[in-house]
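Structure record follows, encoded as structure tokens.
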Amino acid sequence: MEGYKNETNSTLTASPEINWITISVCIAAIVITVFSLLLSIAIFLDRKAYEKTRSFLLLNYMFNYTLFAFLFYFRYAHVKIFTDLQASGCYAIFILCSVFEDGALYFLIPICYDFIVKYTNPSKHDSQSFLCPQIILTVVLWVFIWIKVLVMMLAYTSHKLNPCQIDLDASALYFHFAIVILYVIVLLVYLGMLINISVNNRGNDDTIVPLRTIITVVLVTMILYAIHNILFAVMYGGLMAKLFYSAFLIFLIKFIVVPFLWLSDPTIKQSIRTLCSRKCQSSDDFSPNELTKLN
């Protein structure tokens with residue numbers, strides 16, 4: 001969120017002169033876009049190593065995160081560097097980035113559900129029919145995210161001198177905080193179930209390692225997301241406006257750290273190795289003798 005209006009109608013926004021934020025955003029966006037795309041390609045090419053449901057959910061999550069990382073630059077750096085953008089362009093950037101930002105949060109829900117069903121009801125998870133409810137849940141989440149973002153955008157107001165400086169009305173912020181609370185509660189429930197499954201399967205490395213990965217991803221996402229919104233709520237109350245930088249730093253850390261946490265999953269790690277070995281093998285196929293013959 002770029003800014004908000006408090007009860008005194010004053011506006012709190014990041015200053016475009018804060019160079020360290022812009023530089024950090026540019027570097028983070030490049031690194032995470034490339035890394036998320038690498039994960040997406042690795043999972044897609046090695047999708048037979050996963051169950052159909054899990055490969056679908058992971059690809060949806062990683063592809064969404066790749067787009068979020070790409071648009072992250074435009075929302076948090078580009079609009080501050082190029083302040084002469086049209087209002088329509090600014091709104092398009094904010095809408096698309098908000099959609100994929102929410103997707104990076106909400107698409108953890110079907111992944112958690114997939115893990116829970118896999119270890120509590122294996123027969124249901126292994127059946128072909130389990131994929132359909134997960135697809136439906138994913139589509140419902142996509143629709144919910146778009147509706148939520150568009151409803152929030154109705155409460156945005158932009159400045160005439162700088163249309164990319166967008167503020168959010170108080171009523172929309174209350175709606176946002178209500179959704180945040182519900183989301184954290186859902187994650188807490190799933191987290192408790194995943195930890196319980198992990199305890200019951202203690203000693204089984206094939207089960208524990210993937211569970212530890214999803215538990216770590218959910219825990220880090222939930223904690224940093226909650227802290228970021230708590231700081232944002234404090235800023236909205238006008239208590240400490242300087243917390244903007246702390247809130248954004250927490251948000252930036254979550255954005256950078258979460259994709260790398262997936263590397264602790266043994267299947268994803270193996271997919272990365274398979275992708276790298278394919279690249280090395282394809283480069284080795286063109287030996288000096290073959291290149292001479294081609295010439």
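The figures follow:
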{"item": "Likely footprinting exposure, Tyr119, Tyr174, fewest C-beta neighbours within 10 Å first", "result": "Tyr174, Tyr119"}
{"item": "Residue-wise HN-Hα coupling along region 265-275, computed from phi with Karplus coefficients 6.51, -1.76, 1.60 (Hz; x: Gly, Pro)", "result": "6, x, 5, 5, 4, 5, 5, 5, 4, 4, 5"}
{"item": "Taking Glu51, Glu101 and counting other C-beta atoms within 10 Å, the order from fewest to most", "result": "Glu51, Glu101"}
{"item": "Sum of side-chain charges, Leu58 neighbourhood, beta-carbon under 15 Å (Lys, Arg +1; Asp, Glu -1)", "result": "+2"}
{"item": "For Cys97, Cys164, Cys276, order by how many other beta-carbon atoms lie within 10 Å, fewest first", "result": "Cys276, Cys97, Cys164"}
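Read-outs: derived from the displayed coordinates by stated rules, not from any lab. All figures in this text were calculated on a predicted structure; none of them were measured in a lab. All Cβ positions, even for glycine, are placed from backbone atoms using ideal geometry, and neighbour counts span all protein chains on display.
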